[in-house]
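Here's the structure we're looking at; comments come further down.
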Amino acid sequence: MKLSAFGQKFTADAGITSLMDDLGNAMASGDDLIMMGGGNPGHIPEIQQRVREILVQISQSDADMRRLVGVYDPPQGEKQFIAALAELLSREYGWDLTSENIALTNGSQAAFFMLFNMFGGDYGDGVHKHILLPLAPEYIGYADAGIDADLFHAVQPDISFTDAHEFKYRIDFDAVEVTGETGAICVSRPTNPTGNVITDDELAQLEILARRQNIPLIVDGAYGTPFPSLLFTEAKPTWNEQIILCLSLSKLGLPAARTGIVIAAAPTIKALAGINAIMNLATGSFGAMLAEPLVRSGEILTLSRDLVCPFYKAKMQRAVAAFTGAMEGAPCRWYIHKPEGAMFLWLWFPDLPITSLELYQRLKLRGVLVVSGHYFFPGLPEDGWNHRDECLRVTYSQDDERVAEGLRIIAEEVKAVWVEAWAAD
């Protein structure tokens, strides 16, 4: 059976499908693997208890149960949740929002597929526009989301060293070019995979560049502000009609609910609703109805700030300490990207004698699942910068003892790789 170009593209190997296959196969096999590859959030008992209470309340109301499972929502998403969210964000941050500025999607991945192909790709009459990623590395799930080829252009970062074994990527604004061929700018904040948080000033500079070309600045806030607030540094919640802010309920503790949130100018929301209708008829109600009481009361903000953020910050600190201890006496240079948010450590081993993909394969044989760093550079040439083959992304969201054991095994393998390379010489 011969497939179209679309079929061939979306059935080919991709970083995100490889990652999810690994996770799914590992869960199904029952093997005692240390899961440090995906972005599945940790299980916070207080969040789970609060969700359980809301589920009980819904189950005791015939009307709410009908809304939950028995009625299609509009293509824009569950109306009561959207109205409550517009009211909360306008009240808390002074954003001039109405329900016409918010749409829901069946997960953030679906939102980015729609947005990237709305603003990038073929415009007709020989015009092809790209999505600019001003700070590589970027999220693995972006890479294959374009229907057209060459959808992304990315900018290699400046690298500064912030401690003996710590570094940070910064936007190289001298290399950022926003032209008539740029359809949108996109940045994640915090950045998946590195935990980098671009500053308020950097975000403002990107908005100025977007405004000059009258294109959107897409901000992926799946881990960020105003919720779930996995931020270990200061970052101001920012929105205006030049910005498309994408949020999620996943990292709050509801990944299976698949609820993405898009906040944008009304014409963008209307377009998203139309695509939703064609692709899905409607979005799912489950996540929106679970979160609506938290949004209506403002509890979603306090839970994020006072519970979710400290939970991940403490896990991050324990993971950094565990890896630092495990790498003591290592015969090589090694660095952790300054962890400013999200739930990942981004490990860099300059001049690594093997590729990060080979290191991933060695670790998989030892029962540790991570993600090879080479997947996280969409829009950059595949050759010419060895850095992309020297990095790993590891997740610290799961059980602390398992995470520490996984980091110890990573350190052992990295040391072994260097010893083997010297022996071969």
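The values are calculated or read from the model by the stated rules, or taken from the named source; none is laboratory data. Note that this is a predicted model, so its numbers are computed, not measured. Note that each Cβ is placed from the backbone with ideal geometry, even for glycine, and that neighbours are counted across all protein chains shown.
Just give me the residues in the stretch 244-259 being among the aliphatic types (A, V, I, L, M) and crowded, with 23+ Cβ neighbours inside 10 Å, in sequence order. Hits for the stretch 244-259 are Ile244, Leu245, Leu247, Leu249, Leu252.
Among the residues of the stretch 55-86, those identified as touching a residue at least 40 places away in the same chain (Cβ under 8 Å) and charged (D, E, K, R) are Asp64, Arg67, Asp73, Glu78.
Any residue that is farther than 15 Å from Ser248 by Cβ and in contact with an Asp or Glu (Cβ under 8 Å, 6 or more places away or on another chain) - is there at least one of those in the stretch 85-96? So far as the stretch 85-96 goes, yes, one or more of its residues are farther than 15 Å from Ser248 by Cβ and in contact with an Asp or Glu (Cβ under 8 Å, 6 or more places away or on another chain). Taking the stretch 91-149 and the strands (runs of 3 or more DSSP E) fully enclosed by it, the elements with 1 or more residues that are out of contact with any helix residue (DSSP H, G or I) (no Cβ under 6 Å at 6 or more places or on another chain), farther than 19 Å from Ala265 by Cβ and touching a residue at least 24 places away in the same chain (Cβ under 8 Å) are at 121-124, 127-133. When the stretch 139-182 is filtered for residues that are among the hydroxyl-bearing types (Ser, Thr, Tyr), crowded, with 18+ Cβ neighbours inside 10 Å and within 23 Å of Glu340 (Cα to Cα), the ones remaining, listed by number, are Tyr139, Tyr142, Tyr169.
If we keep just the residues of the stretch 197-215 that are out of contact with any Leu (no Cβ under 7 Å at 6 or more places or on another chain) and under 28 Å from Met343 (Cβ atoms), which is surrounded by the fewest Cβ atoms within 10 Å (Cβ to Cβ)? Within the stretch 197-215, the match that is surrounded by the fewest Cβ atoms within 10 Å (Cβ to Cβ) is Asp201.
Between Leu345, Leu363, which is within 23 Å of the chain's Cα centre (by Cα), crowded, with 21+ Cβ neighbours inside 10 Å and either at pLDDT 95 or above or assigned by TED's automatic domain parsing to the domain that holds Ile410 (or both)?
Matching residue, one of Leu345, Leu363: Leu345.
When you go through (1) farther than 30 Å from Tyr312 by Cα; (2) free of Cβ contacts under 8 Å to residues at least 24 places away in the same chain one by one for Ser160, which number turns out not to apply? The single condition Ser160 does not satisfy is (1). If the condition is being in contact (Cβ under 8 Å) with a residue 24 or more places away in the chain and polar (S, T, N, Q), then the stretch 272-301 contributes Asn276, Asn280, Thr283, Ser285.
Please determine whether any residue of the stretch 363-384 is on the phi > 0 side of the Ramachandran plot and touching a Leu at 6+ places or on another chain (Cβ under 8 Å). Yes. Listed conditions (1) modelled with pLDDT of 95 or more; (2) surrounded by fewer than 18 Cβ atoms within 10 Å (Cβ to Cβ); (3) in contact with a helix residue (DSSP H, G or I) (Cβ under 6 Å, 6 or more places away or on another chain) are all met by Arg52, apart from (3). Within the stretch 94-107, the set of residues being in contact with a Lys or Arg (Cβ under 9 Å, 6 or more places away or on another chain) and not aliphatic (A, V, I, L, M) comprises Ser99, Glu100, Thr105, Asn106, Gly107. Considering only residues in the stretch 113-138 that are buried (at least 24 other Cβ atoms within 10 Å of the Cβ) and not hydrophobic (A, V, I, L, M, F, W, C), the one that is nearest to Gly38 (Cα to Cα) turns out to be Glu138.
Taken over the stretch 370-404, residues that are in contact (Cβ under 8 Å) with a residue 40 or more places away in the chain and assigned to a loop (DSSP other than H, G, I, E, B) amount to 10.
Taking each residue of the stretch 310-321 that is over 15 Å from Leu347 (Cα atoms) and looking for partners that are β-branched (Val, Ile, Thr) and modelled with pLDDT under 95 with beta-carbon atoms closer than 6 Å, six or more apart or interchain, yields Phe311/Ile44. Scanning the stretch 72-100 for residues that are hydroxyl-bearing (Ser, Thr, Tyr) and closer than 18 Å to Ile275 by Cα, we see that the one that is modelled with the highest pLDDT is Ser99.
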